[in-house]
Amino acid sequence: MKIRNRWLWVLGAVLLISAVLLACAPMPAPAQPATGTQPTSAPQATAPQPTSAPPAAVKDTLTVAINGQPSKLQPQQPVGRLNEIVNALIFDALTTRDQEGNLVPALAESWKRIDDTTWEFVLREGAKFHNGDPVTSDDVKFTYEELVLNPDVKSPHATFLQTIQEVKVIDDRTFQIITKTPDVILPSRVFDLYGSVVPAKYYKEVGEDKFSQAPIGAGPFKFVEWVKDSHMTLEANKDYWGTKPAFDKLVLRFITDDAARMAALQAGEVDMASNVPPTRVEELEANAQLDVRAAPSSRFYFVVMNTTEKPFDDVRVRKAVNLAIDRDALVKGVGRGYGTPIASVFIPQTFGFDPEIQPVYDPEQAKKLLAEAGYPDGLDVTFDAFTGSIVDHSKVAEAIVAQLEKVGIRAKLNMAEFGVFGPIRLAKKTNPMYIYSLGDWAFDMGVHLKSYVEGSQGYYYEDPELADKINKALGMFDDAERKAAYQEIQQEFFDKAPYGSVYQLNQIWGVAKNLDWQPQPDEMWRFNQVKSK
């Protein structure tokens, strides 16, 4: 039985039948009690009280259509945000975020800064993995040191935890994270996406491949089955320390085709659907059984250029790319108004954003810069794009290619599935240009800035001087000082144009009207919070 609206029969001749039907209907879930929060910048955070029992709600299945599928259920190895988000349904991290985007406790019930390079965490009492084993400090040490920071395992997440020098175990529930240099955003690094903890004993027993086939985490859902190219089934973790799912099972259906995904939603085959195309919003809003729920996203599109080779080793060519992109037209045409033009890799919600730095559209100036760089007749280049990711990249790529052609940059579009493109990207074997997007889940670009200038994570640009400025900013515990440093860095990104900025996009979901759930700004899918109205 899926979660559905119930039609009430009118009183009259069919009163008896109506009474029987109504007696069989599930009762709506009561509201969850509020939990405490702590701001990201708090020197010490304290956990909210655990939820002692699941709400009295529907006891069957929630079915969600998503526009892709994961590649691996091992949280330290997946490539791509959709994969990371699906893993976070099964695994728990030290910290998480609430509906407003505040950093709050998860497996770690509290943390505090001991000195500039030492953070002390205390694990939540009673937190267990799905096999019943307690979550311990040794599990955290094994996860971070052996599965992320160990260079032999080649974890793509090492970039985001690279400031960690050591995890020092104090006792079963207390440990310290020692950083190589001062790192003001360390608690944000160990959040849902990159801070997931795995059971060391079980992992060592079965190995990486078997672990991915039968994963065990400490999150709100337990793994049941994964039918490739079809669906994944998870079941509620009734022993979860936090908000327990209001239903027994969660089914994720992999429907990459937009039309098919919307058709499944309209037909009532699924209760929720991700990535509603902006062109379908009015249609869904006209359906009395559905809601369209949109919210600002931390995600933004940008264009990556291979700056190690011609033509993009020349800043004039990179600036020409930026001047050729008409972001207002993209937001209006592709995004149907669901987006915000950006000038660099900073979005308005991120710490240190400078509103004075605005994107510029000037195709004539773009042509002049190309001529100055030795391309008076323009240039030819191959532009990679992909499908099957957390958001659609194909349509915005097609529109950008058309805009680039107007200034003489003749880009040939090369389309692939993300499962194919992702590994090629990480190996830096892409074509000279590709479309990409990133979600600033920390609302602090300090987490990502290093990778943008180190030539890591599939990016080509390297700038040691800018990397040094970023390192210094990450060690500034005074917010005003760090904000000023970030704004200087943002201006340098704009001037050097290592990437082509595009726009920040909104997330749009189609949801059954009788479900109580809103998308969260960090893009995470916390389906354990879905309730019946």
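Just so it is clear, none of the values below were taken in a lab; they were calculated from the coordinates. All of these numbers come straight from a predicted model, not from anything done at the bench. Cβ sites come from the backbone with ideal geometry, for glycine too, and all protein chains shown count toward neighbours.
A few notes on this one:
- Global geometry of region 71-214, whether rounded, prolate or oblate, following the gyration tensor of its Cα atoms and the 1.5 cut on a/c: rounded
- Computed per residue of the chain from DSSP H runs no shorter than four, each worth -39500 (n - 2.57), the mean residue ellipticity at 222 nm is -7500 deg cm²/dmol.
- Counting beta carbons within 10 Å around each of 234, 149, 89 and listing the fewest first gives the order 149, 234, 89.
- The longest part of the chain holding none of the exposed loop chymotrypsin sites (Phe, Trp or Tyr not before Pro), meaning those outside H, G, I, E and B in DSSP with at most 15 other Cβ atoms within 10 Å, is 10-476.
- Overall Cα dimensions of region 57-102, principal axis frame, Å, largest first: 35, 28, 17
- Convex hull volume per residue, computed on the Cα atoms of region 351-452, equals 142 Å³.
- The relative contact order of the chain comes to 20 percent, based on Cα pairs under 8 Å that sit 6 or more residues apart.
- Directionally averaged shadow of the chain, computed from the convex hull of its alpha-carbon atoms, nm²: 24.8 nm²
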